[in-house]
């Protein structure tokens, strides 16, 4: 069983409530809610899987986000509702501790993106390499992303949020051979106050596994295989790209 976890409680500075009435997961892209597109990216996995969503209870009461998630996953999911925001994605993910603190594989993924590559191929690549944890990367040096630094054997030796350590930017995809590896590392990272401007991201958690000499590697994709919807501009770029494809 693979647990696929989407932390979805954080607010975005790019989507103001005056222009966007519905919460970010329900903003439509080519006529489909953003979260539907994200889920479809992972539903293609033929392996046994379970979705876990960390969501705002307000979004569930006002917009029935929980019912939508049940429909999109054929009720094969767990929806955890939070009354307030957390101190970051790492903290949000730990809200699922009762379901991920085990030996089952875990993927933590952004809910505002898609990867145009076979997710199952990525998982099998990490399995083949016998990694303890792995991330999908693309080329970038922009400080909006998280980054990893590799040694001469292409092993991850450092990770950082909003700080370009290399050109290997993380594409919002974190794989853990066992969920408990993430849980234990995240708790250590939080106890050490490894935050960025008060926010606890997932990327710095990898450093705790590096300190334990765990095997951490990357799966590199071409930049045109990674589509992020973190801003209205990026959504427009994606929609325009698809329109041009249809014209061709």
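In table form, for the structure just shown:
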item	result
Residue in region 56-91 that is surrounded by the most Cβ atoms within 10 Å (Cβ to Cβ), counting only those that are in a loop (DSSP other than H, G, I, E, B) and under 18 Å from the mean Cα position of the chain (by Cα)	88
Residue among 186, 160, 169 that alone is in contact with a helix residue (DSSP H, G or I) (Cβ under 7 Å, 6 or more places away or on another chain), on the phi < 0 side of the Ramachandran plot and not in a loop (DSSP other than H, G, I, E, B)	186
Scope region 42-55; condition touching a residue at least 40 places away in the same chain (Cβ under 8 Å) and either farther than 26 Å from residue 175 by Cβ or assigned to a helix (DSSP H, G or I) (or both); matching residues	42
Residue check for residue 104: within 29 Å of residue 234 (Cα to Cα) and in contact with a helix residue (DSSP H, G or I) (Cβ under 7 Å, 6 or more places away or on another chain)	no
Failed criterion for residue 154 (all others in (1) touching a helix residue (DSSP H, G or I) at 6+ places or on another chain (Cβ under 9 Å); (2) outside any helix (DSSP H, G or I) hold)	(1)
Any hit, region 92-101, residues being in contact with a helix residue (DSSP H, G or I) (Cβ under 8 Å, 6 or more places away or on another chain), at pLDDT 95 or above, part of a loop (DSSP other than H, G, I, E, B) and surrounded by fewer than 19 Cβ atoms within 10 Å (Cβ to Cβ)	yes
Cβ-Cβ under 6 Å pairs, at least 6 apart or on other chains, region 61-74 side without any contact (Cβ under 8 Å) to a residue 12 or more places away in the chain, far side part of a helix (DSSP H, G or I)	none
Extreme residue, nearest to residue 87 (Cα to Cα), among residues of region 184-217 that are under 16 Å from the mean Cα position of the chain (by Cα) and crowded, with 20+ Cβ neighbours inside 10 Å	200
Any chance residue 111 is part of a loop (DSSP other than H, G, I, E, B), closer than 28 Å to residue 33 by Cα and touching a strand residue (DSSP E or B) at 6+ places or on another chain (Cβ under 8 Å)	yes
Residue tally, condition within 17 Å of residue 163 (Cα to Cα) and assigned to a strand (DSSP E or B), over region 189-216	2
Any hit, region 16-39, residues being within 23 Å of residue 126 (Cβ to Cβ) and outside any loop (DSSP other than H, G, I, E, B)	yes
Those residues of region 27-41 which are touching a residue at least 60 places away in the same chain (Cβ under 8 Å), in contact with a helix residue (DSSP H, G or I) (Cβ under 6 Å, 6 or more places away or on another chain) and within 24 Å of residue 2 (Cβ to Cβ), in sequence order	34, 35
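The values are calculated or read from the model by the stated rules, or taken from the named source; none is laboratory data. Because the structure is predicted, anything quoted here is derived from the model rather than measured. Note that each Cβ is placed from the backbone with ideal geometry, even for glycine, and that neighbours are counted across all protein chains shown.
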